[in-house]
Amino acid sequence: MNEMTDRPTTDSGYEKRDINLRVTFLVGAVIVSVIALFLIILKDVFVLKKEQMMYDYVLKPESAPLRDLRAREMEMLTTYKLLDPVRGVYRTPMSRAMELMADEAYRDQQKGQR
């Protein structure tokens, strides 16, 4: 007899019944679901941080000197200007210069065929 409960003890050293499989599978499914959800959230956080770093280091707004340089370059490529009045040298926009070169090459080709 057990002194504390006044009942006979039947301690044979092992459990007499099986575990409840439904509860075991349910607990396992919940644990796997929580881990999967955690991994998905963690992946999204890392992707968000990576995109933020990419923007900060690569795509961030350009500096004022770079913006000024690009404005000067665009002006040089798209405007007319008298460079040397003595020799008659002009700066022409890039698109117009390409048209003039193409027209000149076409005229030279037509002269060669005659």
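The values are calculated or read from the model by the stated rules, or taken from the named source; none is laboratory data. Here the structure is a predicted model, which is why all the values come from computation and not from measurement. Cβ: placed from backbone, ideal geometry, glycine included. Neighbour counts: every protein chain shown.
Look through L66, L26 and report the one residue that is modelled with pLDDT of 90 or more and assigned to a helix (DSSP H, G or I). Answer to the check: L26. Scan the range 73-81 and tell me whether some residue there is at pLDDT 90 or above and in contact with a strand residue (DSSP E or B) (Cβ under 6 Å, 6 or more places away or on another chain). Looking through the range 73-81, at least one residue is at pLDDT 90 or above and in contact with a strand residue (DSSP E or B) (Cβ under 6 Å, 6 or more places away or on another chain).
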